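Inspection log for the structure reproduced underneath, given as structure tokens.
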Amino acid sequence: MKRMNILIGKMSQNNKISKLLNRILLLLIVIFAFSTSFSQNTKKQNKFSVEMNLGSTTPFSNISENYYANYFGFVHADLGSRFMLNQYIGAKVDFGFDRFKNDEYGVFKESWEFQTFSYRTNIQGIINVGKILRFSDWTKRIGFIAHGGIGFTLISGDSSTVTDSKNRISEAKMNLIMGLSPQIKLSDKVALNFDLTFVNVINQKYNFDFRNSSYNKFGMVANISAGMAYYIGKNKTHLDWNFKEEIKVRDSIFEPKIDSTIFVNKDLDKDGILNDDDLCPEEFGLTEFQGCPKPEITFDCYLNEFPVFVFNKARFALLDIYDEVIDSIAKCMLENSSRKIIIYGHTDNFGDSIYTQELSLNRANTIREALVLKGISADRIFAIGEGIKKAVLPEKESLKIKHNRVAYIESISSNQNDIKVLETGEFVQGLFFTVQIGAYQKAIKNNKFKKFGKVLIAITPDKLTRYSIDIFQNYEDAYEKWSEIRKTGIFPDAYVSAYFLGERITIKKAQELLLEKGTEILEK
């Protein structure tokens, strides 16, 4: 009868484990099905990575009386390979090693001696939490991965108090595993990982110290570690850091689909655009080009002829056709390190002014961020949202583009002698007015200008040093300062001047820019 009860107990326990495994398998199937429905074109990104971590480990349960492990004892190590199905989920196979040892130096140094080794192997599912929570809205170098799955653990320990021999004994058990891994991108191929993982060993026979039978059937182990991930593949970027695809997914959720069969009688080229709205009604084209084919986009660095960027309705994601254009502009700016540009974003006339202003600025910032990722310093790029204001396009572009969902670039300055604050050495950007009080061949060491206000300096092409006083956001305030300085009689030749992105411009041009672009163009 006793044996029968034991057998029934084991069968009941096995049934519970079987049910748990079935539920986990069902969850993995649901996650896989969900992922395929949101899968994007990931051919241009790497999917594999190899990851290695080293750190500390500690058991939280199943320790016998008078045995205490270190809070975080060395050694833990794990090695794994990860594959991402898309930018949101993936799978991972990994191997881990832990050593549990009595606390010799800490709070529980009176612990009796023991040493246990644990070896595990797991299959895990991966969720890219950083993508889901849109970390890319505020950083492009920090990620966050969650992982969890099932596997087996082999535990080996000293048998001296379990049997009469001094040999080590071991037991192999199933485990559940889950953890969180923050990431820091170091390069396109390497990332720094931090990991907190919990391993739950199921149905242990012995405690982790192997000196007694297990107090309960679940032994909990925690690992804290750090390591590296190396991305494998011929492509430049890995799905972990593919922010362009992320923007596409975000936008595509609300992208309307057009059934071209509805318009078969009114759409001669069957491209889904009615003839009345199709600029090329007899030639199959794209929606973003009003029914015309994809244009051949060229860019001449030396002629300063930048292409016009067009956007889908209510979207600010950059279209794939501009990848080569961004590369060309970045190359041009890297070869001409003094060149600066300003990007103007525009929208169609729909929605309230707050929404259209934000959307137009986002379009300009999308191009700006793409250039920054190519290595262009952010202080060389100025982004302005113009809202529904009609974009001023070249004639050849305005004939093709019949909407205002555009952004365009203007080359502003090639001045290598920017104006900066004397005291801090910080270069001043934006549009502002100042009072120039003199230009000298030698720098003034015993500076007599500071009593009038903040001193700005600029080195001219003929090696003169210009000295100016204070930064003003309108001509009237600058004029009052000029009058004050003139009354002292010290600088009779002082006058009001204006700068835009480090380049000196005329007062008339500055007032026109301020009137045309609004206060967003001012120095901040």
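Whole-Hz Karplus values for segment 383-391 come out as 10, 10, x, 9, x, 8, 4, 4, 6 Hz, taken residue by residue from phi with 6.51 cos²θ - 1.76 cosθ + 1.60 and θ = phi - 60°; glycine and proline positions read x. For segment 135-160 versus segment 189-234, the inter-centroid distance based on Cα atoms is 7 Å. Rounded to the nearest whole Hz, the Karplus-based 3J(HN,Hα) values (6.51 cos²θ - 1.76 cosθ + 1.60, θ = phi - 60°) of segment 142-152 follow the sequence 10, x, 8, 10, 10, 9, x, x, 10, x, 10, with x at glycine and proline. Less than 5 angstrom separates the built amide H of Ala383 from those of Ile343, all sequence-distant by 5 or more or on a different chain. Evaluated over the Cα positions of segment 480-524, the convex hull gives a direction-averaged projected area, one quarter of its surface, of 4.0 nm².
Gain in length, Met220 to Thr287, computed as 0.36 nm per residue apart minus the alpha-carbon separation, to one decimal in nm? Walk me through the numbers on the way to the answer.
Numbers: separation 67, 0.36 × 67 = 24.12 nm, distance 5.66 nm.
Using 0.36 nm per residue and subtracting the Cα-Cα distance, I get 18.5 nm.
Close amide H pairs (under 5 Å, H built 1.01 Å from N) link Asn102 with Phe114, residues at least 5 positions away or on another chain. What segment 115-207 shows is 46 Å² of accessible area per residue, with the surface traced by a 1.4 Å probe over protein heavy atoms.
Taking a ≥ b ≥ c as the square roots of the eigenvalues of the Cα gyration tensor of segment 432-514, is the shape rounded (a/c under 1.5), prolate (a/b larger than b/c) or oblate? Oblate, because a/c is 1.5 or more while a/b does not exceed b/c.
Solvent-accessible area assigned to carbon and sulfur over segment 468-516 amounts to 50 percent, based on a 1.4 Å probe.
Take Asp320: with every protein chain present and a 1.4 Å probe, its accessible area is about 70 Å². In this structure the amide hydrogen of Leu422, modeled in the peptide plane, comes within under 5 Å of the amide hydrogens of Val455, Leu456, Ile457, none closer than 5 places in sequence on its chain. Per atom type, segment 311-369 shows carbon and sulfur on 48% of its accessible surface, probed at 1.4 Å.
The values are calculated or read from the model by the stated rules, or taken from the named source; none is laboratory data. It should be emphasised that the depicted structure is a prediction, and the values quoted were computed from it without experimental measurement. When the accessible area is computed, the model is the full protein with side chains, heavy atoms only, and any ligands, DNA or RNA have been set aside. Shrake-Rupley method; radii C 1.70, N 1.55, O 1.52, S 1.80 Å.
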